[in-house]
Amino acid sequence: MNAIHIIVIAKKEIAKKITNIGTSCMATGFNLGLFSLPNKGAVFTWFKYNNVPMMFINCHLTAYRENQPTRNDNYKYITNNMKITNYAEIFGADSSEVTGKDLMNKFHFILWMGDYNSRNDLSGKELLQFIHENKVEEILKGDQLNKAIANGNIDMNGFKEYPIHFSPTYKFIPGEMKKYYIN
């Protein structure tokens, strides 16, 4: 992947308990026929820590407000097609190999992070008003990811986003507190 990376760092005493490391990636970027630009997608690393299967995922999905359907498709593609290369080492030689969402359910721990690139459907005026009034719950009502989950457009496969208790941090005017580039 061009600009999507993942690094897992462990202290020496923990690193001794890490085995069966694997990595993979899935591009969802532009396909120009002859080649694909891997500017969007996900990278994965997995391993056993103290014999417990763990996976870390970092993603960067399609940008811009109007591209929410494409972001939904990016997420679906990643979750439905992920696979690992050393399945038997992680889950045992006698287990049947699974992929996609079924694979995610096999791990005891998954940390999914990155830039989903979801936007907010509120108008700039509404958004600024709610930011200045610290009405985070009103801001979240316009959040495209929350709407996609609520409408069943994407299945988070049991993942839960940690509750958000702060205003947006994207599009700050550099050096200005609580001033945003919003049209």
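The values are calculated or read from the model by the stated rules, or taken from the named source; none is laboratory data. Computed from a predicted model, the values in this text were never measured in an experiment. Reconstructed Cβ throughout: ideal geometry from the backbone, glycine too, with neighbour counts over all protein chains shown. Accessible surface areas use protein heavy atoms only, side chains included; no ligands, DNA or RNA. Shrake-Rupley method; radii C 1.70, N 1.55, O 1.52, S 1.80 Å.
By DSSP, the beta bridges lying fully in the chain are antiparallel in about 75 percent of cases. Under 20 Å between alpha carbons, and skipping anything fewer than 8 positions from Lys11 in its own chain: which lysines qualify? Reachable lysines: Lys48. Per-atom-type breakdown for the stretch 48-160 gives carbon and sulfur 47% of the accessible area (1.4 Å probe, protein chains only).
Of the residues Gly22, Ala150, Gly124, the one whose Cα sits farthest toward the positive end of the charge dipole of the chain, with +1 on the Cβ of Lys and Arg and -1 on the Cβ of Asp and Glu, is Gly22. For the stretch 55-177, the relative contact order comes to 29 percent (Cα pairs under 8 Å, sequence separation of at least 6). Computed from the Kirkwood radius of its Cα pairs, the Stokes-Einstein diffusion coefficient for the stretch 3-109 at 25 °C and 0.890 mPa s stands at 162 µm²/s. In terms of its C-alpha gyration tensor, the stretch 82-152 comes out prolate, because a/c is 1.5 or above and the ratio a/b outweighs b/c. What you get for the stretch 53-183, charging only the Cβ of Lys and Arg (+1) and of Asp and Glu (-1), is a dipole of about 360 debye around the Cα centre. Counted residue by residue at 0.36 nm each, then reduced by the alpha carbon distance between them, the extension gain from Asn39 to Val52 reaches 1.5 nm. The residues of the stretch 40-183 present an accessible area of 59 Å² per residue when probed at 1.4 Å with all protein chains retained.
In the chain, the convex hull through the Cα atoms has an average projected area of 13.5 nm², a quarter of its surface area. Put a dot 7 Å past the Cα of Met113, heading toward its Cβ, do the same for Gln129, and the two dots end up 3.7 nm apart. Put a dot 7 Å past the Cα of Ala93, heading toward its Cβ, do the same for Ile21, and the two dots end up 2.5 nm apart.
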